[in-house]
Amino acid sequence: QVQLVESGGGLVQPGGSLRLSCAASGSIFSNYHMKWYRQPPGKQRELIAIIFSTGSTNYADSVKGRFTISRDNAKNTVYLQMNSLKPEDTAVYYCNAEQFPNIYWGQGTQVTVSS
């Protein structure tokens, strides 16, 4: 079992930055692929960033060049640094841990980008 707790969301102006954190407990964190998803109001949840257990990363086109995913295995934490935020980045952001066949989700943290 893995428990995930996101933090760091909030209200930010367009062009601003936020860093989300996802703290994991309950299993061997370093073995898991870690992902960030988001769900804008009235829309489906979408995958925006992944960091594999190897440390390699991948991003959705909508956030590439603005968001950075990273992990600290010593702290059992994955981060999402979000820069140059836009109103369309407004969403609930979810952390996800995957090691086949297990998948775990956090409770989500709200990010609102508005002036």
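General observations
- The apolar share of the surface of region 62-115, taken as the fraction of accessible area on carbon and sulfur atoms (1.4 Å probe, ligands and nucleic acids excluded), comes to 49 percent.
- Accessible surface, region 1-96, averaged per residue in Å² (probe 1.4 Å): 49 Å²
- Computed extension gain for Gln3 through Ser27, at 0.36 nm per residue and net of the alpha carbon distance, reaches 7.8 nm.
- Carbon and sulfur %, accessible surface of region 1-48 computed with the full protein complex present, 1.4 Å: 48 percent
The values are calculated or read from the model by the stated rules, or taken from the named source; none is laboratory data. Since we're looking at a predicted model, the values are computed, not measured. The protein model used for the area step is the full one, side chains on, heavy atoms only, and it has no ligands, DNA or RNA in it. Shrake-Rupley method; radii C 1.70, N 1.55, O 1.52, S 1.80 Å.
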